[in-house]
Every structure is written in C-alpha cells, then in structure tokens.
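J.: Let me give you the structure first, and then I'll get to my questions.
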Amino acid sequence: MIIDRILQLIKYKGINKRKFYIETGLSNGFLDKVRDIGVSKIEHILNVYPDISAEWLLMGRGNMILKPIGFEDESDLGNNLLQEPNPVYNKTAQNKVPLYDIQDSAGIVSLFKDANQDPIDFISIPGLPKCDGAIYVNGDSMYPLLKSGDIIVYKKVNNIPENIFWGEMYLVSLITDDSEEFVMIKKVQKSNKGEDWIQLVSENPQHQAKDIHFKNVKGLALLKATIRINATH
C-alpha cells in the first residue's frame, strides 16, 4: 500500500510523523485516518522529496531513491539505497527559495496576496523541504530565537485552522477591525477564549501575548528554517 511506502520513506528520512506533517503541510494524524491517498497529495509529497521515485511511491516498483548523477546503471547503486541516504543528487532538483527584501509590513502582506515580488536572491539549503519564500527579520519580538537581520524561510499554510501546529512559529497575516493589515512573527498557541481564537506569543518577555479571533487571520506561513549570519567579513 502507498501508506506503507510513505512510512518507509519517513523511516528512511530519519524523521517522525510529526516532522513529516510539518514538511509536507499534511494535517496532523493524516496517515492514521486514511486508507488511500489522492493524486494531488502524492504530487505534493514528491515535490517536497524530489529524490523519491514516483514509480516506487505509487506502484512499489524499482528503488525508492532516484539514481544519483554519475552512476551508469542500476548495479552501481548497490544494495543500500533503502537503508542509507546518498548525498549525491542532481543539484537542479534542490529546492531554491526566493529571498525577498521587504522593508515594511505592507510589503510582507503582499506576499500573502500572491502579488508579484522580485526576489533579490535565491537560497538553497540541502534537505530543505519545499518552501514559498524567505525574508529578513525586522524587530525583536522573537528575540533571542530570532533577531533583526536573520533570515526566515516559510511555507504558506492551507486550510486554516485544521493545519496549525500549535506552539510553532508562524508568519501571521492579520487585519484589524479598522481594516489595517500587517504581518508579524509569533508562536501560535490555543487561546483560552475558545476554538474561534488563537493566541500569539512572543519569545521576548517584554512583548505580551495577544488573543486574536480567527476572522482577523488572513494568512499563516509556517517557519521552516532560520539563517543567522554571524559575520559579514
């Protein structure tokens, strides 16, 4: 079954189910709730893990891992593909994430609206799952976890609130009752006010937690990676 092969994939990657759900954006407990997986979700899994063979995942034929560059035939691959990761893959398959230089909140808001933004560069990190973009941190609300000048890499979340991983850091796009839009980086927690609310929590103790109604949440993006440059010379 496809689900059995996905579980084998998870074991091969050395991650747990929770990490798999975060990387793929699938809802928590998805593999325990379904017996069959639609084509769209299979395509999404293959986009996140481009080294995995579609033929193997769909039909169980061939090797789990696509042939690395430099091997002439299948016999060169040896018998350890399903046990040990091989670091030699086609570099064009690596996920290159666009880096945006956003100077104000309005610019960040536009990223959630799929407005055209010209990236200033692209980031390529080995093993990074599929992401939508990266931006520089501006502000100290998540200090010391994040500080101004750090780079965060994010993946937009679909089907809010079903796909929220409570306690993780998110880019949160909000609209106030006065129709003012802005984006902030916060940990998203459950609120004591009920299921229609979330609590946005800062790491910096000087910033108080705030409860927000779901109607004011216009977008969420899960932070997949952070980059800190400690020296510029």
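J.: Given the criteria in a loop (DSSP other than H, G, I, E, B) and open to solvent by less than 20 Å² (accessible area, probe 1.4 Å), does I160 qualify?
T.: no
J.: Within the range 32-43, which residues are in a helix (DSSP H, G or I) and crowded, with 16+ Cβ neighbours inside 10 Å?
T.: Correct list: K41 only.
J.: How many of the residues in the range 163-185 are surrounded by fewer than 17 Cβ atoms within 10 Å (Cβ to Cβ), under 18 Å from L111 (Cα atoms), at pLDDT 85 or above and not β-branched (V, I, T)?
T.: Going through the range 163-185 one residue at a time, the tally reaches 0.
J.: Which one is surrounded by the fewest Cβ atoms within 10 Å (Cβ to Cβ) among residues in the range 186-197 that are part of a strand (DSSP E or B) and among the charged types (D, E, K, R)?
T.: K190
J.: If I go through the range 44-53 residue by residue, how many of them are outside any loop (DSSP other than H, G, I, E, B) and open to solvent by 40 Å² or more (accessible area, probe 1.4 Å)?
T.: Qualifying residue count, the range 44-53: 2.
Results for (1) small (G, A, S); (2) within 15 Å of I22 (Cβ to Cβ); (3) touching an Asp or Glu at 6+ places or on another chain (Cβ under 7 Å), shown as yes or no for each residue.
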| site | (1), (2), (3) |
| --- | --- |
| I120 | no, no, yes |
| P129 | no, yes, yes |
| K210 | no, no, no |
| R228 | no, no, yes |
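J.: For the range 11-30, which residues satisfy the criterion of being in contact with a Phe, Trp or Tyr (Cβ under 9 Å, 6 or more places away or on another chain), surrounded by fewer than 17 Cβ atoms within 10 Å (Cβ to Cβ) and among the hydrophobic types (A, V, I, L, M, F, W, C)?
T.: Selection gives nothing.
J.: Give the number of residues within the range 198-225 that are surrounded by 17 or more Cβ atoms within 10 Å (Cβ to Cβ) and outside any loop (DSSP other than H, G, I, E, B).
T.: 13
The values are calculated or read from the model by the stated rules, or taken from the named source; none is laboratory data. Note that the coordinates shown come from a computational prediction; the quantities given were computed from them, not determined experimentally. Cβ sites come from the backbone with ideal geometry, for glycine too, and all protein chains shown count toward neighbours. Accessible surface areas use protein heavy atoms only, side chains included; no ligands, DNA or RNA. Shrake-Rupley method; radii C 1.70, N 1.55, O 1.52, S 1.80 Å.
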